[in-house]
Amino acid sequence: MGYLIGSVFGVQRSLFISRFGPLIDTKPQTPNPKTRTPNPKPRTPFLVLALFLIVCLPSISMAQNWGTLEGTITEAATGEAIPGATVIIGGTNFGTAADEDGFYSLRLPALTFEIVVTAVGFTAWSDSVRVIRNQVNPLDVSLEEATVEMEGITVEDDAVFQDAGVYELDPETITKIPAPLKDGFRALKVVPGVVTNNELSSQYSVRGGGFNENLIFFNGFEVYMPFRPRQGEQEGLGLFNPELAGRVALHTGGFPARYGGKLSSALEVDYRRPEAGEFDAAVSLSLLDATANMSTSALGGRLGITTGFRKARARYLFSTQELKGNYQPDFTDVQTFISYRLSPGVELEALGIWADHVFRLDPTNQRTFFGTVSQDPRVPSNLQALWLNFNGEEEDGYQTRFGGFRVKSKLSPRLSVSNDVSYFGTVEEEGFDIGGQAVLYLVDPGSDPNNNDDFLTTGVAQTDDFADNRIAVDTWTAQSRWQYTTTKHAAEAGGFVRNLAFDDRLNEKSIVIGQSREGNVERVVVDSLLGATQFDEWQAGFYLQDSFDALAERGKFVLSGGVRTDYFSFNDEWTVSPRLSMRYRYSDRTTYTASLGIYYQAPTYRELRGQPDPAISVINSVNRDLKSQRSAQAVLGVEHFLPKNRFMLRAEAYYKDLKNVISYDIENVRVVYSGSNDAEAYAYGVDLQLRGEFVPGIESWANYSFLKTNEEFVPDFIGPGKEGSNPRPTDQTHTISVYIADYIPGDNSWKLHMRTLFGSGLPYTPPIEGERIGQIVTQVPGDRFSARYQRYFRFDMGATKEVVVSEKGFRNPIRLELTGEILNVFNMINTVAYSWIPRSDGIWVRTPTRLTPRTVNVRMAIKF
């Protein structure tokens, strides 16, 4: 039996279950003769306006409240010009470089700054300088020749270059990015190569990979995303607490042999280890969440403690959506990282996480208007409305526990070793019993939108949905890592053993209510799963890698090579992954990077189970012949430092060839695997980033990514709708992300933060007509990923006022931060899925499930 034509409850519930929810395809949709899919035009003027503001707003503030600092840099002894000398603001990367005549010109806010001037072979110069508004402020500097080479003198133009595919985010910047929820995972959407289409979800896709293809490490311990959410509201806050982080790095591809088990990316989050005498604490409260965190040291710096508490109740945010009801989300977590220096060569580390999330919803109704309104009397309007009424309730949630303990030992000046053990456990529950009726209307644009008496009814549908699902996951991991360094080599070896246990119970059913041909009430079960299964298996792996200087000049040309091997007991499979990377510093301003490697992802429970057939028991749906997915990846990159504006321009191109692919669909945020190695695929693209300080001391950046990823089913799995090469679910051709920080004109205690996200439409699989049962029309998937959603675009803005309440805090001044945010400033309409509702004449109408509209949030934080 096919599936009912779309989900009236959309991706938010399984009402009129649509197995092909948000799927992906690059081919234009071929409409079914009985399918009408109105597609409103994108709001191009809003996009242009947003880009205009992003580009011009910093320039406007500069024009109003900035001055110019200019002069000549010369040698003190001879008076000759020093070409290429750098002029920067002390403590920042904001500045410029002198030209061939030693002349420089630098635009600065009308404030007092410490100006630092450096040049190779000369002693650095610094002094305090006041910049007067709308004036040219002269400053000539003479540098003394350095007669003795002082240790610690650095060349400012020698910027820090990253390995291929590695992008770092400043944790403090993450907390400032305006977003609906202050979640570290959601902040990754401003990294090049990360697909973006849903602000409610913490799931992310990197360079065409799936949500389940990303490694996540907190202080070297691996943690996991929720295993089976249906939509972003169910996820709560991600485990990544940016308030505790000291370093965040995302490997978007080409990562070394120490990382294994996933195809797409590796995220490293290191929670802070406070220095001796350090004490920092902060408390914040907003309309959506509350946080408290502290970092301190004791015992002369031998003991460091970083801990944080978060509470999020985003009822205010969720209630702005078209689906109305009593939202009761409640997320709580506590995380603590402890480090203790037992002796000069031995350190102990421990990380603990406790998280509890409950999402409750009593839905009442939903009113969605869609289609087109014509301003031309010769062209008829096609404005439609979907009104839904519900009864019942939903309660979902998860409880996550994590504990990790590590011993780090320095056995000699060159040899160190670390050994650790960790436990990750989570229980996810999903329960709902909801009935609903959907009515489709044709709407006169001049009628009252709140009065359906003037609407023309074109279709009615009714369903009942029930679920009582539970999955428990327990993961134990023991691992060891050895490092040996010499003058030119940094060798490393390590291994791990892991036990994976899943206990899964499925009990869900969807019923369509309609009339038989005789006019009697017909209840048709269109989807039903009932069963339970257990899974208890072992994984093990070992790796060896070395990085070494290939040339006499240290750091000029660094080669890194490694190999890892992994074993999975479930399918008795061994894999071997060789990897190679290089970094060549062509000059102080330009560096080239490249990587080449083989990556495997062993199937875990979700891939092994696939999508159970209602006619087959859940336990029998687990595929023991499934092989690890394989990806051969190549990455080539270049970084160039622009000394005049002190910006970094970075470009990377990549190609992935994938074998043994387990195809999947995406239903909102839920990944549904086929359970078979049924396809081959490829992905290629380019990531560009311009990064720097547009204003002193605050970093900004702009990213553009191009992506193409397609899959083709192997002969044994070719069938209707699966012929030829089709886009993969994450095939977002164009992605733009921009983050800009600026001062409020005239007052540098005010800071402005702006984020823009744009993504071209992701593909999905439209339905075609299936079996008719009485008056009930069923649906089956049409051509795979042959249609696309509309583009995703949002512009978020926040302004923060910082006030020093008291200079005499415990160890730091007491500061008050007041923040106001406008989220989705232009109130852009973004669609995450479609529902398909049959009209009385048999034509199906596509109705959108939309994300959050414009929302205002305010936040207060006290730091001391």
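The residues on offer are F810, F785, F793, and the sole one that is among the hydrophobic types (A, V, I, L, M, F, W, C), more than 20 Å from T175 (Cβ to Cβ) and touching a helix residue (DSSP H, G or I) at 6+ places or on another chain (Cβ under 9 Å) is F793. Within segment 123-153, the set of residues being open to solvent by 100 Å² or more (accessible area, probe 1.4 Å) and modelled with pLDDT of 90 or more comprises P138, D140.
Figure legend. Inter-residue proximity from segment 731-750: first residues within 30 Å of E802 (Cβ to Cβ), second residues among the basic types (K, R), beta-carbon distance below 6 Å, spacing 6+ or different chains. Indicated pairs: Y739/R755; W750/K801. Among the residues of segment 693-707, just one is surrounded by fewer than 17 Cβ atoms within 10 Å (Cβ to Cβ) and over 18 Å from the mean Cα position of the chain (by Cα), namely G697.
Would it be correct to say that A787 is buried (at least 22 other Cβ atoms within 10 Å of the Cβ) and either in contact (Cβ under 8 Å) with a residue 40 or more places away in the chain or under 30 Å from G277 (Cα atoms) (or both)?
Judged against the criteria, A787 is a match.
Okay, residues lined up against (1) over 21 Å from L200 (Cβ atoms); (2) in contact (Cβ under 8 Å) with a residue 12 or more places away in the chain:
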residue: R310; (1), (2): no, yes
residue: R315; (1), (2): no, yes
residue: K324; (1), (2): no, yes
residue: A355; (1), (2): no, yes
residue: D362; (1), (2): no, yes
residue: V373; (1), (2): yes, yes
residue: P380; (1), (2): yes, no
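The residues of segment 93-105 that are open to solvent by 30 Å² or more (accessible area, probe 1.4 Å) and either at positive phi or touching a residue at least 40 places away in the same chain (Cβ under 8 Å) (or both) amount to a single one, N93. Kindly indicate whether T306 is buried (at least 24 other Cβ atoms within 10 Å of the Cβ), in contact with a Leu (Cβ under 7 Å, 6 or more places away or on another chain), closer than 30 Å to G494 by Cα and in contact (Cβ under 8 Å) with a residue 40 or more places away in the chain. The answer is yes for T306.
Quick check: anything in segment 262-279 more than 23 Å from T400 (Cα to Cα), over 25 Å from the mean Cα position of the chain (by Cα) and among the hydrophobic types (A, V, I, L, M, F, W, C)? The answer is yes, given that some residue of segment 262-279 is more than 23 Å from T400 (Cα to Cα), over 25 Å from the mean Cα position of the chain (by Cα) and among the hydrophobic types (A, V, I, L, M, F, W, C). Residues of segment 580-592 that are out of contact with any Ser or Thr (no Cβ under 7 Å at 6 or more places or on another chain) and either outside any strand (DSSP E or B) or in contact (Cβ under 8 Å) with a residue 60 or more places away in the chain (or both): Y586, S587, D588, R589, T591. Scanning segment 670-681 for residues that are open to solvent by 20 Å² or more (accessible area, probe 1.4 Å), out of contact with any helix residue (DSSP H, G or I) (no Cβ under 7 Å at 6 or more places or on another chain) and either among the small types (G, A, S) or more than 30 Å from E235 (Cα to Cα) (or both) yields S674, E680.
Would you confirm whether or not segment 763-773 contains a residue that is of a type outside the set (F, W, Y), in a strand (DSSP E or B) and at pLDDT 90 or above? Checked against the condition, which is being of a type outside the set (F, W, Y), in a strand (DSSP E or B) and at pLDDT 90 or above, segment 763-773 yields at least one hit. F113 falls short of the stated requirement of being more than 41 Å from the chain's Cα centre (by Cα), among the hydrophobic types (A, V, I, L, M, F, W, C) and crowded, with 18+ Cβ neighbours inside 10 Å.
Being assigned to a loop (DSSP other than H, G, I, E, B) and closer than 30 Å to K324 by Cα is a property that does not hold for P256.
Selection of segment 808-855 for residues being in a strand (DSSP E or B), acidic (D, E) and surrounded by fewer than 21 Cβ atoms within 10 Å (Cβ to Cβ) yields only E817. Taking the listed residues S663, S631, the one that is over 30 Å from G84 (Cα atoms), open to solvent by less than 30 Å² (accessible area, probe 1.4 Å) and modelled with pLDDT of 95 or more is S631, with no other qualifying. Scanning segment 82-92 for residues that are surrounded by fewer than 16 Cβ atoms within 10 Å (Cβ to Cβ) and closer than 10 Å to T72 by Cα yields a total of 1.
Quick check: anything in segment 691-698 within 29 Å of E172 (Cα to Cα) and at pLDDT 95 or above? Taking every residue of segment 691-698 in turn, none turns out to be within 29 Å of E172 (Cα to Cα) and at pLDDT 95 or above. The single residue among V160, V191, V120, V116 that is of a type in the set (A, V, I, L, M), over 30 Å from N830 (Cβ atoms) and at pLDDT 85 or above turns out to be V116. Scan segment 421-455 for residues that are among the aliphatic types (A, V, I, L, M), open to solvent by 60 Å² or more (accessible area, probe 1.4 Å) and under 17 Å from Q366 (Cα atoms) and the total you get is 1. Per the conditions (1) touching a residue at least 12 places away in the same chain (Cβ under 8 Å); (2) open to solvent by 60 Å² or more (accessible area, probe 1.4 Å); (3) not in a strand (DSSP E or B), the sole criterion not satisfied by L688 is (3).
Taking segment 281-295, which residues are open to solvent by 30 Å² or more (accessible area, probe 1.4 Å) and either outside any strand (DSSP E or B) or more than 29 Å from V856 (Cα to Cα) (or both)?
Residue satisfying the conditions is L287 alone.
Scanning segment 402-446 for residues that are touching an Asp or Glu at 6+ places or on another chain (Cβ under 6 Å) and within 30 Å of S835 (Cα to Cα) yields a total of 5. Kindly list the number of the only condition in (1) under 24 Å from T709 (Cα atoms); (2) not in a strand (DSSP E or B) that fails for F758. Of the numbered conditions (1) under 24 Å from T709 (Cα atoms); (2) not in a strand (DSSP E or B), the odd one out for F758 is (2). For T252, the criteria (1) under 15 Å from the mean Cα position of the chain (by Cα); (2) over 25 Å from Y739 (Cα atoms) hold in every case but one, which is (2).
Do the conditions hold for R523, that is, is it open to solvent by 60 Å² or more (accessible area, probe 1.4 Å), assigned to a strand (DSSP E or B) and modelled with pLDDT of 80 or more? When the stated conditions are applied, R523 does not pass them.
The single condition among (1) surrounded by fewer than 20 Cβ atoms within 10 Å (Cβ to Cβ); (2) closer than 23 Å to I353 by Cα; (3) at pLDDT below 90 that A276 does not satisfy is (2). Among the residues of segment 394-444 satisfying the criterion of being acidic (D, E) and assigned to a strand (DSSP E or B), which is farthest from S381 (Cα to Cα)? Ranking the qualifying residues of segment 394-444, first place goes to D420.
Filtered by the rule that a residue be open to solvent by 50 Å² or more (accessible area, probe 1.4 Å) and in contact (Cβ under 8 Å) with a residue 60 or more places away in the chain, segment 461-482 gives Q479, R481, W482.
The values are calculated or read from the model by the stated rules, or taken from the named source; none is laboratory data. Here the structure is a predicted model, which means the values were calculated and not measured. Cβ sites come from the backbone with ideal geometry, for glycine too, and all protein chains shown count toward neighbours. Note: areas computed on protein heavy atoms with side chains; ligands, DNA, RNA excluded. Shrake-Rupley method; radii C 1.70, N 1.55, O 1.52, S 1.80 Å.
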